[in-house]
Each structure stands twice: as structure tokens, then as C-alpha cells.
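Single-structure report; data block below.
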């Protein structure tokens, strides 16, 4: 998968206003108020009207107030209603206005992709989920695994991490599987078969890849055309073509142009992946170096340098050598395509599927997936975000963003998107191999300080011994013992 740039080279009520109308008071006064007023002065009758004797005070009768039993309850009911309204305001309405949205921040420790590629999809997610904030940082690959494990429950500890497809035997106890309500194993039917093998354990998903990647053959179009050759599809054809394309100074015996970057460890990028592919294609078990199939693969790999002299330890780094035209063919993952383009934009090269052995049409996978540490306090929200990232629309948007800053983005992990890259001359061969990808714990540049680095070191010592003149028989015993001892530390490794 793309790792460019390679760091290792040098996200209450309205107040009353106005005057009070005092005239209303008089209109609303009841009889109780009237009976306490002074009686009006006596007015003499006019001559036209008959004079009536003034009534005596004793004969005057005043009407009694209404004696209804509900009359005094009305103010009580009104008062209780007002209290209820105030309680509702205090407990429901006012808190609705004062309540603040609780925002969950997800710390996302990414690899390879800069913030410029991720910020668009993150902004889209945050707009749809205002209660979520994504804090994305692109981490350095060196000691990445040990660093995120050491972060634990610190304030800036990651909620989302990127793990290699070979890491589950080391990390299962440290990861939170996806809840079935978010992701089920059946959901992986839309991915390449290798994904379920690498990221599922005990019926649970522990990682979800946003890309797929592996080894493909990169060849210099001009050099092959000059020789009238076509890219080899099997290992024997590759060996012969490499021998024919190699140019050696007849006097100094120095290789001036190598045929293929194979046979050594110090200057061949992805040498452990290449050897792992050879072993698997030869029906060998890399965990059992004493097998004849493993020894035959070791012999084939080193014969390029020890016997054919199509490559040797004096050559520059294989990717740089290819970019500068001093080696005709290399095997590399897609992210190194971008690296080569950056070194030499004018290099005329093409990509083809990796060579195979008869009846062993396997390809080598080395890729990454997003996971959630067990220490995360926001595991459910983290998995929701990972599922969002894995949707076709988002993957396409990230690929487009990455393609703006390098030669190509990360090839899609969804089989439904394979057709969109099938005709891409650079990315097409990687997705075309997808159904045939296999993997083992010999991946280069995972910087895991664990299973890959450990097993590769034992194989490295064996290859260096062979190049130094030792026999296969001499290097196999320490190799076999070392690999078996390391695998005992990771019982889930298969």
C-alpha cells in the first residue's frame, strides 16, 4: 500500500410595560366592597314626583354574597396551575435551551496518508454527526505498534489505529472487535478472501482494510523493448530474462545494469515478501524451514546472486536502482510505484502481476486495516467511523485525494470497485491479483518489532550465510530453530 512519503528515508415571562388602567379596579369591585361604602346623601324629590317617606334603616335589606361552595376554590386551582407551569418550565423547557451537546473526540492514528487526504471525508462525517470530532494524525511507521500500545489510556491515546494484515496474532488481546450491530463476518463477503483470513478470529472482526496491496512486477519498458522481450509470467522465465538483460563490465566484473533485484537482503526492498511468496508457491511452510520446499525456495532466491550474477550486494537500493535505470525488473507493492515516480517522473516503466510457479497461481499480500484498541473509551463510535470509511463513496474520495499528491492512491479493498481500476496501468495489476492473495509473517517494513521482524531476521541470516559461501544444510538448522522458537510466542500464528 502507499506509504509515500517514506519517513525512514531521508481533525421567565415578559415584563409588563405601560401605565396601569386604574379605572378597571372600580369595574371589578364586588358587592363586598360596596357594602362598606358610606350611604349616599338624601336628595329631596322634585315637585313633580310624589314624596315618599324615606325608608328606615331597620327596613333596609342588603343582599348577601353568593354562598357557592366552589367560589373560593377558583383562586386555589389557578394558583396550582401556575405552579405546575413553573415546574414544567424549570424542569423541561429551560434545560432544553441551556443543554450543551456532548462531543466525543476520536483520536485517529493514521499511517501513510497525510491529513490533506483525510480531511475531506472527516469533515463530511463530522457534518453528519455533530456530536463526533475526529482528531487525525499521520504517525511515523517506526515503532508504531509499540507506541500505540504504550499510549494506553492517556488523554491523546488512539481510538483508531492502522494495523498490518499479519499483526492479529500479536494484537488480538489488545484490540476491541467490531460489535455485531455494526459489522458482522458476513459483511466481509464484499472483500477479497484474504481479508477474512487476516482480520477475523473467533467469529469476530478485529480489523477492516481500506485498501489491498501486494507484490507486482515492475519492469523497464525501454530495456525490455530493446531486447525484444515481454514481461515474464513465471519465475523460470524471469530468471532467464534477468540473466540476458544483465550487463557486466568484462574487465572489472562489476554489474553495470542488473537484470532483476533478487538474491540479497541488504539492498533489495521487500526481499522477505519475495522469499515468502516463493515458499508458498512452492507449497512450502515458512514456519518449517527444514522442509525441502522451503530450502528449494531459498536456493532459487539466492542463485540469482551467487550463480547467475544478475544482482549482487554492491548494487544500490533496488527501488533507487530501478528509478535510475540500473536494474531492469523489481518486485514491489503499489506504494513504491509512487516513490519511483517521485524519483524519476520520466522513467518509462510498466507493472505486471508477479511471476508464478506452475499450478501455483498465488500472489503475495501485504496491506493494512483500521482497528480499535481495547483501551479506547469510545469503541462503538470508533467502529461506526471505520465502517463509514469503508463505504465505496468514501474510498473513492480518498483515492482521488491521494492521487492528487502522488502517482496513485491505495488500491480498493472492495471487490465491487476493482473494475474501476482494472484498466489503470499502474494500479490494475494489484487488484487483478486480489482473489489470489496469500500472506504470511515475512512482511517487510512493518517495523513491528515482533513477528515479522523476528522471522525475517532469521531468514536474513540464512540468506547472508549462503551468499557468504555457506551451504543450505549449514544455515537451515539455526534458521529452523529460530523460527520455531519465535512462533511459540504467538500461538495464534498460522
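The values are calculated or read from the model by the stated rules, or taken from the named source; none is laboratory data. Every value quoted in this text rests on a predicted model; they were computed, and no experiment measured them. Note: ideal-geometry Cβ built from the backbone for every residue, glycine included; neighbour counts use all protein chains shown.
A few points about this structure:
- Residue within region 177-191 that is touching a strand residue (DSSP E or B) at 6+ places or on another chain (Cβ under 6 Å) and over 23 Å from residue 434 (Cβ atoms) present: yes
- Within region 415-427, the set of residues being more than 22 Å from the chain's Cα centre (by Cα) and either surrounded by 19 or more Cβ atoms within 10 Å (Cβ to Cβ) or modelled with pLDDT under 95 (or both) comprises 426 only.
- Taken over region 327-353, the residue count meeting the criterion of being under 14 Å from residue 219 (Cβ atoms) and surrounded by fewer than 19 Cβ atoms within 10 Å (Cβ to Cβ) is 4.
- The helices (runs of 4 or more DSSP H) found entirely in region 343-444 that carry 2 or more residues being farther than 28 Å from residue 456 by Cβ are 379-389, 392-403.
- Residue 381 vs. criteria farther than 27 Å from residue 447 by Cα and buried (at least 17 other Cβ atoms within 10 Å of the Cβ): yes
- Extreme residue, farthest from residue 379 (Cα to Cα), among residues of region 138-158 that are surrounded by 11 or more Cβ atoms within 10 Å (Cβ to Cβ) and touching a strand residue (DSSP E or B) at 6+ places or on another chain (Cβ under 7 Å): 141
- Residue within region 170-178 that is outside any strand (DSSP E or B), under 19 Å from residue 211 (Cα atoms) and modelled with pLDDT of 95 or more present: yes
- Taking the numbered list (1) in contact with a strand residue (DSSP E or B) (Cβ under 8 Å, 6 or more places away or on another chain); (2) more than 22 Å from residue 318 (Cβ to Cβ); (3) modelled with pLDDT of 95 or more in turn, residue 474 passes all entries but (1).
- Set 373, 411: member being under 30 Å from residue 345 (Cβ atoms), under 18 Å from the mean Cα position of the chain (by Cα) and surrounded by 19 or more Cβ atoms within 10 Å (Cβ to Cβ): 411
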